[in-house]
Amino acid sequence: MKLVRYGRPGKEKPGLIDQAGILRDLSSVITDIDANQLSPKALARLSKISPERLPAVRGKPRFGVPVAGVGKFIAIGLNYSDHAAEAGMPLPTEPVIFMKATSCLSGADDPIMLPKGSGKTDWEVELGIVIGTKAQYVTQKEAMECIAGYCVINDVSEREFQLERGPQWDKGKGCDTFGPVGPWLVTTDEVPQPQRLGIWLEVNGERMQDGNTKTMVFSPAKIVSYVSRFMTLMPGDIIATGTPPGVGMGMRPPRFLKPGDVVTLSIDGLGQQQHEVIAYRKG
């Protein structure tokens, strides 16, 4: 299934995308797509619904974050061998974990807003994992059973804040709008090989990142198992799993986002995002 939340920010409704690509409203079945709807049993119930019996949604509504009430937004750094090489950093022997503030979450086509004083805002297309079942000290085999599905994430990063203003990355990762997720949550049955997915990103129509999840250092199973040793993962938590090469920081000379740029990104089978880059404005 491809599950979505559509509508204005804070007013999203649950929906699904049928086999013909038509958005169907799920409001008569569930109130929202949240932690309660991500367990294997809950997803199995939703999968039995005949999409053609659900009302089609007219127009082209906004897609919000496909999961409501995200508790933790976790990210993994340097998880592609070719990206680590372009960054001039050694391959990690264990997953590099950092956190993105949940206040940075935004929809698949919402604008990316440059924070005050930013001169080095960068892009990072990433495979996202959505947790469906509590994970605490799980094995890699058990970890796969804890995943509800996958999604597209843009791990937007302000490189000066991240790398030049102290040893912690979080300051450059959690600015408002720095966590676009979606458009869909695609359940695991539709993604049998999460490490065989094409993944790309363009800026103003120019291909910057063009990779494949096969070059990930640590698999989704390894990531979930490893992270669950240090924090209990709960239904609705999201993990961004790292980015392939082609980020602005790695270019010679480096290239960063500016107002008016358009960023487009996609992963095979998981949908596409598109963002206009805008200057800071008070919310």
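The values are calculated or read from the model by the stated rules, or taken from the named source; none is laboratory data. Everything numeric here is computed off the predicted structure, so don't read it as measured data. Cβ sites come from the backbone with ideal geometry, for glycine too, and all protein chains shown count toward neighbours.
Quick check: anything in the stretch 102-117 in contact with a helix residue (DSSP H, G or I) (Cβ under 7 Å, 6 or more places away or on another chain) and either farther than 24 Å from residue 4 by Cβ or among the β-branched types (Val, Ile, Thr) (or both)? Steps first, please.
Applying the first criterion (in contact with a helix residue (DSSP H, G or I) (Cβ under 7 Å, 6 or more places away or on another chain)) to the stretch 102-117 yields none.
Checking the stretch 102-117: not a single residue is in contact with a helix residue (DSSP H, G or I) (Cβ under 7 Å, 6 or more places away or on another chain) and either farther than 24 Å from residue 4 by Cβ or among the β-branched types (Val, Ile, Thr) (or both).
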Filtering the stretch 210-253 down to residues that are part of a strand (DSSP E or B) and buried (at least 23 other Cβ atoms within 10 Å of the Cβ) yields 216, 233, 238, 239, 240
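Looking at 268, 237, 261 in this structure, which one is of a type outside the set (Lys, Arg), more than 16 Å from residue 151 (Cβ to Cβ) and at pLDDT 95 or above? Let's see the steps before the verdict.
Numbers: 268 fails: more than 16 Å from residue 151 (Cβ to Cβ); 237 fails: more than 16 Å from residue 151 (Cβ to Cβ).
Residue meeting the stated conditions: 261.
Which members of the stretch 185-209 meet the condition of being assigned to a strand (DSSP E or B) and either closer than 25 Å to residue 14 by Cβ or of a type in the set (A, V, I, L, M) (or both)? Please lay out each step first, then the result.
Filtering the stretch 185-209 for residues assigned to a strand (DSSP E or B) gives 185-187, 198-203, 206-209.
Hits for the stretch 185-209 are 185, 186, 187, 199, 201, 203, 208.
Condition first: over 19 Å from the mean Cα position of the chain (by Cα) and either free of Cβ contacts under 8 Å to residues at least 60 places away in the same chain or crowded, with 19+ Cβ neighbours inside 10 Å (or both). Now tell me which residues in the stretch 163-182 satisfy that.
Step one: of the stretch 163-182, the residues over 19 Å from the mean Cα position of the chain (by Cα) are 163-168.
Selection gives 163, 164, 165, 166, 167.
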What pairs come out if I take residues in the stretch 64-84 that are closer than 19 Å to residue 110 by Cβ and touching a residue at least 40 places away in the same chain (Cβ under 8 Å) and pair them with residues that are assigned to a strand (DSSP E or B) and of a type in the set (Phe, Trp, Tyr) whose C-beta lies under 6 Å away, six or more apart or interchain? 75/98
Just to be sure I understand, how many residues within the stretch 90-121 are part of a loop (DSSP other than H, G, I, E, B) and farther than 16 Å from residue 171 by Cβ? 11
Which of the numbered conditions does residue 115 fail, given that it passes all the others? Conditions: (1) surrounded by 23 or more Cβ atoms within 10 Å (Cβ to Cβ); (2) closer than 22 Å to residue 201 by Cα. (1)
Do we have residue 148 as closer than 29 Å to residue 13 by Cβ, touching a residue at least 24 places away in the same chain (Cβ under 8 Å) and buried (at least 18 other Cβ atoms within 10 Å of the Cβ) here? yes
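So in the stretch 85-140, with the set limited to residues that are at negative phi and aromatic (Phe, Trp, Tyr), which one is farthest from the chain's Cα centre (by Cα)? So that I can check it myself, show each step before the final result.
Here is the first cut: in the stretch 85-140, the ones at negative phi are 85-87, 89-116, 118-136, 138-140.
When the remaining residues are screened for being aromatic (Phe, Trp, Tyr), the result is 98, 123.
Numbers: 98: 14, 123: 12 Å.
By that ranking, first place goes to 98.
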